[in-house]
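These notes concern the structure reproduced below.
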Amino acid sequence: KEIISFADPAVTVEGIEKQAGAVRLTLIQPGRESEGRLMLEFSDNPLQIRNMVVTDAQGQTTTVSLNNARFGLPLDNSLFV
């Protein structure tokens with residue numbers, strides 16, 4: 001099992017799972033694994049995010065599915081203030 005660190009404070013890829021048509025990344029914060037996980041699911045062709053699954057410290061999960069997502073649209077900078 002290989003662990004990839006993104007930055008400090010580190011967010012680490014705990015697992016990568018590939019299935020037909022999908023790639024899933026499970027992310028954790030090292031030393032805080034008991035606080036929860038984030039799983040990101042992407043379609044593989046083209047590579048686009050489809051779902052996010054958050055598992056909290058109590059084991060409860062929240063799933064966010066992106067349906068009819070549109071990519072590459074211009075966004076006004078004021079949305080990020």
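Looking only at the range 22-81, filter to residues that are modelled with pLDDT under 90 and aromatic (Phe, Trp, Tyr); which one of those is farthest from residue 10 (Cα to Cα)? Here the answer is 71.
Beta carbons closer than 6 Å, at least 6 apart along the sequence or on distinct chains, pair a first residue in the range 52-76 that is over 22 Å from residue 23 (Cα atoms) with a second that is open to solvent by less than 90 Å² (accessible area, probe 1.4 Å) for 57/36. If you go through the range 42-57 and keep only what is small (Gly, Ala, Ser) and touching a Lys or Arg at 6+ places or on another chain (Cβ under 6 Å), you end up with just 43.
The values are calculated or read from the model by the stated rules, or taken from the named source; none is laboratory data. Everything numeric here is computed off the predicted structure, so don't read it as measured data. Methodologically, a virtual Cβ is constructed for each residue, glycine included, from the backbone with ideal geometry; neighbour enumeration extends over all protein chains shown. Accessible surface areas use protein heavy atoms only, side chains included; no ligands, DNA or RNA. Shrake-Rupley method; radii C 1.70, N 1.55, O 1.52, S 1.80 Å.
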